[in-house]
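The values are calculated or read from the model by the stated rules, or taken from the named source; none is laboratory data. It should be emphasised that the depicted structure is a prediction, and the values quoted were computed from it without experimental measurement. Ideal geometry is used to build each Cβ from the backbone, glycine not excepted, and the neighbour counts take in all protein chains shown.
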Amino acid sequence: MSTTTESISTNLSLPLVPANVIDQSLTISPPQYAGKQLIETIQTWVEKQGRHWPPELTSEVLAKNLITVYLPYWVIQVNGSGHWTASVGVDRKVPERCGTCNGKGVYTPVWANSEQRCDRCGGSGQDLVNKTFWGSQSGIVSAEVGGDVAENFDTDILKLRGKRDFSAPESRLEQTNANLYQIIRPLKTNAASSQGVAEATLKKNLADKAGTTAGKLGDYVKDLDIAYVQIDQFKARIWLYPLIIGYYSHDDEPTLLVQVDGITGEVYGEAPRGVKDKRQRDAIMYGLIALVVIAIIVVVILARPQ
Ligand SMILES: [Zn+2]
């Protein structure tokens with residue numbers, strides 16, 4: 001894998017590499033927002049930013065340095081099996097010395113009110129209490145995973161926001177065109193690591209299924225473990241998901257992030273520090289006003305003639 005790091009603005013660099021560094025089967029979802037539509041999406045976001053948003057920070061300004069990059073995800077198809085073990089708990093009612101009468105079983109018919117009766121045990125001196133009995137269970141479980149999606153990038157490298165739409169249409173990306181697409185550097189791309197991801201995906205699904213099976217055997221399940229995972233078949237591909245991203249500067253802050261999910265159109269924009277401060281002051285002021293209003297209401301209610 002190449003170690004090229006390209007800068008999308010002069011102020012901050014992201015670990016970007018061309019998509020042809022990936023030697024796995026590749027699919028790509030083209031961004032559904034570009035040009036005028038992209039500006040409109042950001043415009044809607046700007047309109048929601050409230051009265052402190054600087055008027056000079058228009059959607060055109062925010063969209064100025066945006067570029068499209070792609071987030072690499074694993075898409076895994078796998079089937080196989082494993083051996084599970086778990087502790088399964090069952091609740092039973094067992095007789096225990098009554099705590100109310102100390103096991104003495106005091107009972108006197110209600111009409112003879114000189115002595116107390118024990119309502120808890122009804123005079124037997126024993127009380128039925130819930131007790132959980134644990135036992136170990138095990139079995140073989142198999143699972144078939146149709147197309148689980150897993151991140152293949154370091155999420156700390158940028159402030160990732162929002163829920164991605166994993167049902168976005170995708171198409172095959174030929175290696176000959178792959179150098180045209182800039183992607184966030186994937187964590188792993190080789191065949192061995194794809195098998196590792198497939199195994200982890202299978203194991204997670206086996207655990208889910210084993211949990212359901214074990215759950216039917218009792219009231220509680222703990223210490224569920226899957227061992228001897230066997231992959232019968234797997235396919236892994238890397239899916240490139242579009243993210244439109246860039247930075248703008250305002251006052252003395254040179255790197256404020258703007259990003260648009262290329263499929264859902266969800267915008268995340270960082271507000272300048274001045275705007276954040278003013279919003280905070282507003283929140284404190286409104287909080288104080290609310291307290292004063294509550295105090296006045298309380299005073300009015302208390303002063304009301306009875
Ligand atoms: Zn009792």
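Among the residues of region 288-306, those identified as among the small types (Gly, Ala, Ser) and either surrounded by 10 or more Cβ atoms within 10 Å (Cβ to Cβ) or in the same structural domain as residue 60 (by TED's automatic domain parsing) (or both) are 290, 295.
Entry remark, region 229-267: residues being over 30 Å from residue 146 (Cα atoms) and small (Gly, Ala, Ser) number 2 in total.
Mind telling me which of the residues 251, 208, 223 ends up being at pLDDT 95 or above and on the phi > 0 side of the Ramachandran plot?
223
For residue 62, the stated conditions do not hold, so it cannot be described as in a strand (DSSP E or B), of a type in the set (A, V, I, L, M), more than 16 Å from the ligand (Cβ to nearest atom) and surrounded by 16 or more Cβ atoms within 10 Å (Cβ to Cβ). With the condition kept exactly as written, say whether any residue in region 99-110 is at pLDDT below 90, among the hydroxyl-bearing types (Ser, Thr, Tyr), within 16 Å of the ligand (Cβ to nearest atom) and in contact with an Asp or Glu (Cβ under 6 Å, 6 or more places away or on another chain). Yes; the residues of region 99-110 include at least one that is at pLDDT below 90, among the hydroxyl-bearing types (Ser, Thr, Tyr), within 16 Å of the ligand (Cβ to nearest atom) and in contact with an Asp or Glu (Cβ under 6 Å, 6 or more places away or on another chain). Within region 142-165, residues that are farther than 14 Å from residue 197 by Cα reach partners that are of a type in the set (Val, Ile, Thr) with beta carbons closer than 6 Å, at six or more positions or on different chains, in the pairs 165/263; 165/264. Is region 136-150 home to any residue that is assigned by TED's automatic domain parsing to the domain that holds residue 266, part of a helix (DSSP H, G or I) and surrounded by 17 or more Cβ atoms within 10 Å (Cβ to Cβ)? Taking every residue of region 136-150 in turn, none turns out to be assigned by TED's automatic domain parsing to the domain that holds residue 266, part of a helix (DSSP H, G or I) and surrounded by 17 or more Cβ atoms within 10 Å (Cβ to Cβ). Residues considered: 262, 211, 162. Of these, the only one that is assigned by TED's automatic domain parsing to the domain that holds residue 56 and surrounded by 20 or more Cβ atoms within 10 Å (Cβ to Cβ) is 262. The residues of region 114-135 that are in a strand (DSSP E or B) and either at positive phi or within 16 Å of the ligand (Cβ to nearest atom) (or both), listed by number, are 126, 127, 128, 129. Just checking, does region 168-186 include any residue being surrounded by fewer than 13 Cβ atoms within 10 Å (Cβ to Cβ) and in a strand (DSSP E or B)? Taking every residue of region 168-186 in turn, at least one turns out to be surrounded by fewer than 13 Cβ atoms within 10 Å (Cβ to Cβ) and in a strand (DSSP E or B). For residue 153, the conditions (1) under 30 Å from residue 224 (Cβ atoms); (2) in contact with a Gly (Cβ under 7 Å, 6 or more places away or on another chain); (3) part of a loop (DSSP other than H, G, I, E, B) all hold with the exception of (2).
Quick one: which of 124, 81 is of a type in the set (S, T, N, Q) and farther than 30 Å from residue 236 by Cβ? Step by step, each of 124, 81 is checked, and only 124 is of a type in the set (S, T, N, Q) and farther than 30 Å from residue 236 by Cβ.
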